[in-house]
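What follows is a single structure, written as structure tokens, with notes after it.
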Amino acid sequence: MKTKLPFILVAASMVLGVFISILFGANEALFKDKIANDIKSNVKIQKIMDVEKRQAKIEKEKSKNWRYYQRFHFHSTGISAMSLGVLLLLAFSAAPKTQKLICSYLVSVGGFLYPFVWLFAAIYGPIIGRHDAKERFAIFGYMGGVFFLGLIFFLFLISKYPIKFNNEPA
């Protein structure tokens, strides 16, 4: 199971990324309406006295927060595709099992969790502000660094150890 879990995380990330895009296609207005309604709860925006400035800020926030939902989709599907490639190549690597396992967990856990910074920023950004939402869920953003470390470790492993296909000798 410990060698299978990284593949499960990568597959789950693929499913989540595609699922949200299906939701976009089925009812994009649901997301945009939620953003518009939640912005009404944003105290900082509602304190802007100049009506034109407030409306301009609302429109900017609507656009940016919608983009954050899209970023969740892009990152979840893109990173999971890269991660699957890494995991498959690792499976054929002659690197020691422990090192391959560590690398696979860095890539899969980091890659799975990182996109959630964008999802949570999209959900909470209209209410508390985009910057504050990203700060509140920064731990997920740091997972991008974990993913990156996994890629660096992967580069090291495939540079140092041969990759064996079709039962070729190492």
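General remarks:
- Candidate set from segment 1-57 (those that are loosely packed, with under 12 Cβ neighbours inside 10 Å and among the acidic types (Asp, Glu)); member that is modelled with the highest pLDDT: Asp33
- Qualifying residue in segment 154-164 (condition: surrounded by 15 or more Cβ atoms within 10 Å (Cβ to Cβ), closer than 29 Å to Asp33 by Cα and not β-branched (Val, Ile, Thr)): no
- Leading residue by the ranking (surrounded by the fewest Cβ atoms within 10 Å (Cβ to Cβ)) among those in segment 91-139 that are outside any helix (DSSP H, G or I) and touching a His at 6+ places or on another chain (Cβ under 7 Å): Tyr114
Condition check ((1) in contact with a His (Cβ under 8 Å, 6 or more places away or on another chain); (2) outside any helix (DSSP H, G or I)) across all residues:
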site: Gly17; (1), (2): yes, no
site: Ala36; (1), (2): no, no
site: Met49; (1), (2): no, yes
site: Trp66; (1), (2): no, no
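The values are calculated or read from the model by the stated rules, or taken from the named source; none is laboratory data. What you see is a predicted model; the values in this text were computed from it and never measured. Because the Cβ atoms are built from the backbone with ideal geometry, glycine has one as well, and the counts that use them run over all protein chains shown.
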